[in-house]
Structures are given as C-alpha cells and as structure tokens.
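Asker: One structure, pasted below without further comment.
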Amino acid sequence: MAVNETVIAMLRPKPNMARLVKDLPHVQAAAQAAVDSPDGIGSIASYWTEVSLPATGTWNAPGKGGAQADIVLTAPQDGVPLLFIEVDNCHETAEELADKLEKYARFFKRKVKDTDGKERPMWRTRWTVPEGRYGDTPHPPVLLVFNRIGERNPNLTVPRLMELTRQLWQGSGSAAVTTSTTGRSRSSRSG
C-alpha cells in the first residue's frame, strides 16, 4: 500500500469541488487547499510499479541478482524524464537498502545490444532520456521514500546508508572543483 500512497502523493490529484458543496466547511476547506496546492508530477500512466531491473537475463525473464523498482516514473512534460523510486516502510536496515542500491547500480551498468545492433545501457533500451550535460551518460536518479510505519528511524538509517553507498553516488574532485559524475547514480531521500 505504501507504493500506491507514494504514487498518489506524487500525482497530487485535485478533488472536484462541485461534489463537495454539501460537505462540512472544514472538509471543503481541506479540499480547497488541495485544489490550490501545486500540481503533481505526471499522470497515472506515467507510473509503473514493481518493475524488474535484470542484472542478468532479459526483460521478460530476469535472472537472479537484479533489482525490482517499487516505482518507475517517466514524466518529461514535468521535467522528470526518468526516476526510479524505492519505498521503505522503515523495516529495512541501512545494509539492506545499500544492497538494493548496489543492485540498481549493477542494472544501470549492464549493457546490451539494442535493436539497431549498437551496445548501450540496458535501461536505455526501454526508456528514452536526454544525454548527460557533459557528454557522459549518467545513471538515472533513485529516490528513496521513507514511510514511517516501522520501528527504524530514517534519520538514523540515512547516515549509515550514505557511508555504505558512497562509491555509488560520490563524484570526483576537490571541494572547490567538482568534475562530472560519470557512472554514478544520484539518489535522494524523502519522507
């Protein structure tokens, strides 16, 4: 259910105020606040759930060791060409989450021959996104959404997770000059 709730939260559907004219004033006020809030991202057709990301095998017959994205979002009209979303109900340890992010990294690095016979990252055979700004081909971002149901505090999990996955997201360069993060995946977190 947390995956569905995440999709709904990102879509930010607007209530039909005409259907609420007989409701109590506080209900109408809450609905109006939702109508007045910023639009969400994409449409329901922009979201896919439980998408296998094969590190081995094929799209139709994924092998062992691959990731399974809770949500994949493509909404280029809203500035989100491709986003992978992992939803955690605060039951998983930082080590378990790091293992999942490692699986994403293996998938992002995987190359296959496309229908034109050229080798490219497997994820690019399914999703079209703009090339990187610096001539590189960055990996798509992964958003971690923490749904505070379980006993783990994400504020305590995230520092350890950052430590365990540093090699996946940290670019190269000094504090004054940062270079391209070729072959790195950006990740964000949200509650």
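The values are calculated or read from the model by the stated rules, or taken from the named source; none is laboratory data. Remember, predicted model here, so these are calculated numbers, not experimental data. Neighbour counts run over all protein chains shown; Cβ positions are idealised from the backbone, glycine included. For the accessible areas, the whole protein counts, side chains as well, though only heavy atoms, and no ligand, DNA or RNA atoms are used. Shrake-Rupley method; radii C 1.70, N 1.55, O 1.52, S 1.80 Å.
Asker: So who's got an amide H within less than 5 Å of the one on LEU82, skipping anything under 5 residues away but keeping other chains? H placed 1.01 Å off N, in plane.
Answerer: For LEU82, whose amide H was placed from the backbone, the distant partners under 5 Å are ALA75.
Asker: Mind listing the long-range amide H neighbours of VAL145? Cut-off is under 5 Å, sequence gap 5 or more, other chains count too, H placed in the peptide plane at 1.01 Å from N.
Answerer: GLU86, VAL87, ASP88, SER190
Asker: Ok, one more. With charges only on Cβ, +1 for K and R and -1 for D and E, what is the dipole size of the chain about its Cα centre, in debye, rounded to 20?
Answerer: Numbers: 24 positive and 21 negative charges, 92 e Å.
For this selection, approximately 440 debye.
Asker: Next up: Rank-order 111-118, 98-105, 140-147 by packing density, defined as the average count of other C-beta atoms within 10 Å over each peptide's residues, highest first.
Answerer: On the way: 111-118: 9.8, 98-105: 19.0, 140-147: 20.5.
The most tightly packed comes first, giving 140-147, 98-105, 111-118.
Asker: Now a separate question. Can you work out ³J(HN,Hα) from phi for every residue in the stretch 145-160, in order, using Karplus 6.51 cos²θ - 1.76 cosθ + 1.60 and θ = phi - 60°, giving whole Hz and x for Gly and Pro?
Answerer: 10, 9, 9, 6, 9, x, 7, 7, 8, x, 5, 8, 6, 4, x, 5
Asker: Using +1 at the Cβ of each Lys and Arg and -1 at the Cβ of each Asp and Glu in the stretch 8-128, identify which of PRO62, VAL112, ILE41 lies farthest towards the dipole's positive end.
Answerer: Going by the Cα projections, it comes out as VAL112.
Asker: Assign one of three labels to the chain, namely rounded, prolate or oblate, based on the Cα gyration tensor with a ≥ b ≥ c the square roots of its eigenvalues; rounded applies when a/c is under 1.5, prolate when it is not and a/b is larger than b/c, and oblate otherwise.
Answerer: prolate
Asker: Here is a follow-up. Go through LEU53, LEU168, LEU156 and list them by solvent-accessible area, largest first, probe radius 1.4 Å.
Answerer: Values: LEU53 0, LEU168 25, LEU156 130 Å².
If we order LEU53, LEU168, LEU156 from most to least accessible, we get LEU156, LEU168, LEU53.
Asker: Hand me the trypsin sites (Lys or Arg not before Pro) from the stretch 19-96 located in a DSSP loop with no more than 15 other Cβ atoms within 10 Å, in residue order please. Mind showing how you got there, number by number?
Answerer: Values: sites: ARG19, LYS22, LYS64; in loops: LYS22, LYS64.
Counting only loop positions with at most 15 other Cβ atoms within 10 Å, the trypsin sites (Lys or Arg not before Pro) in the stretch 19-96 are LYS22, LYS64.
Asker: Roll a 1.4 angstrom probe over the protein heavy atoms and tell me the percent of accessible area of the chain that is carbon or sulfur. If you can, show how the numbers build up before the last one.
Answerer: Numbers: 6090 of 11440 Å².
Here carbon and sulfur together make up 53 percent of the probe-accessible area.
Asker: On to the next question. In nm, to one decimal, how far is the modelled label at GLN167 from the one at THR56, with both set 7 Å along Cα→Cβ?
Answerer: 2.0 nm
Asker: Using a 1.4 Å probe, how large is the accessible area of MET162, given in Å² and rounded to the nearest 10?
Answerer: 80 Å²
Asker: With all protein chains present and a 1.4 Å probe, how do TRP59, TRP48, TRP127 order by accessible area, largest first?
Answerer: Working: TRP59 55, TRP48 110, TRP127 20 Å².
Heavy-atom accessible area, descending, gives TRP48, TRP59, TRP127.
Asker: Amide H neighbours of GLY57 under 5 Å, counting only residues 5+ apart in sequence or on other chains, H built in-plane at 1.01 Å?
Answerer: Distant-sequence amide H within range of GLY57: GLY63.
Asker: Defining a contact as two alpha carbons under 8 Å apart and six or more residues distant in sequence, what relative contact order in percent does the stretch 86-164 show? Mind showing how you got there, number by number?
Answerer: Values: 71 pairs, mean separation 41.2, N = 79.
It rounds to 52 percent for the stretch 86-164.
Asker: Against the longest principal axis of the chain, how steep is helix 94-109, in degrees 0 to 90 to the nearest 10, with axes from Cα atoms?
Answerer: Approximately 60 degrees, to the nearest 10.
Asker: Suppose all protein chains stay in the model; what accessible area per residue would a 1.4 Å probe give for the chain, in Å²?
Answerer: Values: 11440 Å² over 191 residues.
That works out to 60 Å² for each residue.
Asker: Run the numbers on the chain and let me know its relative contact order in percent, using alpha-carbon pairs under 8 Å that are six or more apart. It would help to have the intermediate numbers written out before the result.
Answerer: Values: 298 pairs, mean separation 33.6, N = 191.
Relative contact order here is 18 percent.
Asker: Continuing with this model, one more query. What residue among ASN4, LEU156, VAL51 has its Cα farthest toward the positive end of the dipole of the chain, where the charges are +1 on Lys, Arg and -1 on Asp, Glu, each on the Cβ?
Answerer: Working it through, the farthest residue towards the positive pole turns out to be VAL51.
Asker: Let me ask something else about it. Points 7 angstrom from Cα along the Cβ direction at ASN16 and ARG126: gap in nanometres?
Answerer: Simple spin-label model gives 3.5 nm for this pair.
Asker: Further question: Defining a contact as two alpha carbons under 8 Å apart and six or more residues distant in sequence, what relative contact order in percent does the stretch 58-128 show? Can you show the working numbers first?
Answerer: Details: 59 pairs, mean separation 16.3, N = 71.
Across the stretch 58-128, relative contact order equals 23 percent.
Asker: Using each residue's phi in the stretch 45-50, evaluate 6.51 cos²θ - 1.76 cosθ + 1.60 at θ = phi - 60° and report the 3J(HN,Hα) Karplus result to the nearest Hz, with x for Gly and Pro.
Answerer: 6, 7, 10, 10, 10, 6
Asker: Still on this structure, I have one more. Looking only at the chain, where both bridge partners belong to it, what percent of the DSSP beta bridges are antiparallel (to the nearest 5)? Before the final figure, lay out the partial values.
Answerer: Values: 15 of 25 bridges.
Beta bridges within the chain, antiparallel portion: roughly 60 percent.
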